[in-house]
1. Report yes if L131 is touching a residue at least 40 places away in the same chain (Cβ under 8 Å), in a helix (DSSP H, G or I) and under 19 Å from W12 (Cα atoms), otherwise no.
2. Kindly check whether there is at least one residue in region 61-74 that is more than 17 Å from V16 (Cα to Cα), among the basic types (K, R) and modelled with pLDDT of 85 or more.
3. Scan region 38-65 for residues that are buried (at least 17 other Cβ atoms within 10 Å of the Cβ) and among the polar types (S, T, N, Q) and jot them down.
4. Working only within region 87-134, note down all residues that are surrounded by 15 or more Cβ atoms within 10 Å (Cβ to Cβ) and among the aromatic types (F, W, Y).
5. Hey, can you tell me all the residues within region 6-37 that are surrounded by 14 or more Cβ atoms within 10 Å (Cβ to Cβ) and part of a loop (DSSP other than H, G, I, E, B)?
6. Suppose we filter region 101-145 for residues that are in contact with an Asp or Glu (Cβ under 8 Å, 6 or more places away or on another chain) and at pLDDT below 95; how many remain?
7. Inspect region 70-88 for any residue being in a helix (DSSP H, G or I), within 27 Å of A24 (Cα to Cα) and in contact (Cβ under 8 Å) with a residue 40 or more places away in the chain and give the result as yes or no.
8. For region 9-27, which positions are at pLDDT below 95 and under 10 Å from the mean Cα position of the chain (by Cα)?
Amino acid sequence: MYNTLLNLHSYWAYLVLLVLIIAAGNALIKTIGSKEYTAIDFRISLFTLIVSHIQLLIGLILYFVSPRFELWSELGGKVMSNSIARLFLVEHPFVNIIAVALITIGYSKHKKKLTSASKLKTIAIFYTIALVLFLSRIPWSTWMG
């Protein structure tokens, strides 16, 4: 079960990153170009919200079934002094939960805006910050290896 979840979490991350790059890039380009908000923009932002929440759910399940989770009891208070354990047990989950929360907040806020410019700007800001956070905490050495 662990390996299946790990593979799913890893491959789903490509989809999340691709969709998030598209959503943030689209909103940034349309904001800068003073373009109108369309139904396609709504669908892109909604799809980004959905795939990021699925990734979060997979990640949370993976977190608790992972053999790395046992490091909490093995290392005790020394988890923070072990860079690998800190990345997998603290930094990666915490920062990515914040990123998904930002996507959720951005999506919710943009729906309440009345003008195209404010809708696109809200998506651009929140989704871009989420993208930067995701990219900052991907365990690149194990993900790409």
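The values are calculated or read from the model by the stated rules, or taken from the named source; none is laboratory data. All of these numbers come straight from a predicted model, not from anything done at the bench. Here Cβ is always computed from backbone atoms with ideal geometry, including for glycine, and neighbour counts include all displayed protein chains.
1. Criteria met by L131.
2. no
3. If the condition is that a residue be buried (at least 17 other Cβ atoms within 10 Å of the Cβ) and among the polar types (S, T, N, Q), then S45, T48, S52, Q55 are the ones that fit.
4. Listed by number, the residues that qualify are F88, Y107, F126, Y127, F134.
5. Keep residues of region 6-37 that are surrounded by 14 or more Cβ atoms within 10 Å (Cβ to Cβ), which gives 6, 8-10, 12-13, 15-17, 19-28, 30-31, 35, 37.
Those that are surrounded by 14 or more Cβ atoms within 10 Å (Cβ to Cβ) and part of a loop (DSSP other than H, G, I, E, B): K35, Y37.
6. 2
7. yes
8. The answer is A13, and nothing else.
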